[in-house]
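The values are calculated or read from the model by the stated rules, or taken from the named source; none is laboratory data. Owing to the predicted nature of the structure, the values given are computational and were not obtained by experimental measurement. With ideal geometry, Cβ positions are generated from the backbone for all residues, glycine too; neighbour counts draw on all protein chains shown. The protein model used for the area step is the full one, side chains on, heavy atoms only, and it has no ligands, DNA or RNA in it. Shrake-Rupley method; radii C 1.70, N 1.55, O 1.52, S 1.80 Å.
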Amino acid sequence: MSLVKFDYTPEVFFNEKTRKVEYIYRPLIPIRLAYKHSLGKFPVNCLLDSGADKSLFPAQWGEAVGIKIKSGEEIIHYGIGNKDIKCFRHKVILLVGTYKFEAEADFSFEQSFPLVGRDGFFKHFKKIAFHEKEHFVELEY
Amino acid sequence: MNKAYKKTLLSNQNNWIAVSSDKSKILASGKSIQEVEKKLGKLDIKDAVITFVPPANRYLSP
């Protein structure tokens, strides 16, 4: 059994009511993306989204490792605000620390924030535990 | 997170930034992942994490 732990990432949030800048802690984990023989130069923070069926990445991240985004199978994602997002599916390699696995990921020109979902990410782990009060997440594989 | 870090985050909403692996410093920023990678390359930085900065006045509900 291997276990990796990531602290939540503090990000800024402007509270309109109090007019103050606060911190909001988000479960972001650094993931390196690889495609065929091309490995991303740096890890990119992805939101662990247990409510997402699939992983959804910005198209530009795929392009950075040489993926011809529009050559993938066209898929529609349905999200918050009842909006459809057009995506293109590709098989990629994801690296979380030293753990490496092949997964499907959907890339969209309409998505800015990379997020990893249950099928394509969570299913590659034995357990993913969110520690909300302590602001960290543990991934067991 | 110190004041300068917070200020840099606020000024980079909807941009991509590179953060040191200990999350203490913002090393580069840009409109795209590729732009940030290029800047890191010029600075000869090999250890960083790239992250998108969402708008600070919105909750994130993907």
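Values computed for the structure shown
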read-out: Pairs, first assigned to a helix (DSSP H, G or I) in the stretch B:26-40, second open to solvent by 30 Å² or more (accessible area, probe 1.4 Å) and among the acidic types (Asp, Glu), C-beta under 9 Å, six or more apart; value: B:Ile33/A:Glu63; B:Gln34/A:Glu63
read-out: Tally, over the stretch A:63-83, of residues that are in a strand (DSSP E or B), within 23 Å of B:Ser32 (Cα to Cα) and without any contact (Cβ under 8 Å) to a residue 24 or more places away in the chain; value: 0
read-out: Close pairs from the stretch B:1-18: first closer than 12 Å to A:Val12 by Cα, partner in a helix (DSSP H, G or I), Cβ under 9 Å, at least 6 apart; value: B:Met1/B:Leu9
read-out: Yes/no for A:Cys87 being surrounded by 19 or more Cβ atoms within 10 Å (Cβ to Cβ), within 12 Å of another protein chain (Cβ to nearest Cβ) and either not aliphatic (A, V, I, L, M) or not in a loop (DSSP other than H, G, I, E, B) (or both); value: no
read-out: First in the stretch A:87-105 and over 17 Å from A:Asp53 (Cα atoms), second anywhere and not in a strand (DSSP E or B), Cβ under 6 Å, 6 or more apart; value: A:Tyr99/A:Tyr141; A:Phe101/A:His124
read-out: Residue satisfying all of: in the stretch A:100-135; in contact with a helix residue (DSSP H, G or I) (Cβ under 8 Å, 6 or more places away or on another chain) and closer than 25 Å to B:Ile17 by Cβ; most open to solvent (accessible area, probe 1.4 Å) among these; value: A:Phe109
read-out: Any chance A:Glu22 is within 14 Å of another protein chain (Cβ to nearest Cβ) and outside any strand (DSSP E or B); value: no
read-out: Scope the stretch A:26-73; condition farther than 20 Å from A:Ser112 by Cβ and either within 10 Å of chain B (Cβ to nearest Cβ) or open to solvent by 70 Å² or more (accessible area, probe 1.4 Å) (or both); matching residues; value: A:Lys36, A:His37, A:Leu39, A:Lys68, A:Ser71, A:Glu73
read-out: Residue within the stretch A:64-87 that is farther than 22 Å from A:Pro10 by Cα and within 11 Å of the chain's Cα centre (by Cα) present; value: no
